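Take a look at the structure set out below.
Nothing in this text is a laboratory measurement; each read-out follows from the coordinates by a stated rule. Computed from a predicted structure; not experimentally measured. Here the Cβ is made from the backbone with ideal geometry for all residues, glycine too, and neighbour counts use every protein chain on show.
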């Protein structure tokens, strides 16, 4: 599996990639470039601070995604915040990452609906 890594501070992408095998992690310096590196259906995992940052990132992603692509909000957003992003999307709750405990918020899977 190949992973595309993006951070709005591009030097962090370059620092992260230093010494890593290029076949496993590919760096991107823009959201458009990162999405372009992913095979359809795309799976995008957000690891940004919960709240407005999640909304802003999703807004920047949407023009580059297609129906059937999946956004995984791994920033421990409150489930009601994720549900408010778009009530027409298919939404599923799941637990992923280091805080994957039954009592934790886990993550939200947002699937862009087919038209």
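Using per-residue counts of other Cβ atoms within 10 Å, averaged over each peptide, order 52-64, 1-13, 26-38 from highest down.
Working: 52-64: 15.2, 1-13: 13.2, 26-38: 16.7.
The peptides rank, most packed first, as 26-38, 52-64, 1-13.
Given axes a ≥ b ≥ c from the Cα gyration tensor, I'd like to know whether segment 18-62 is rounded (a/c under 1.5), prolate (a/b larger than b/c) or oblate.
prolate
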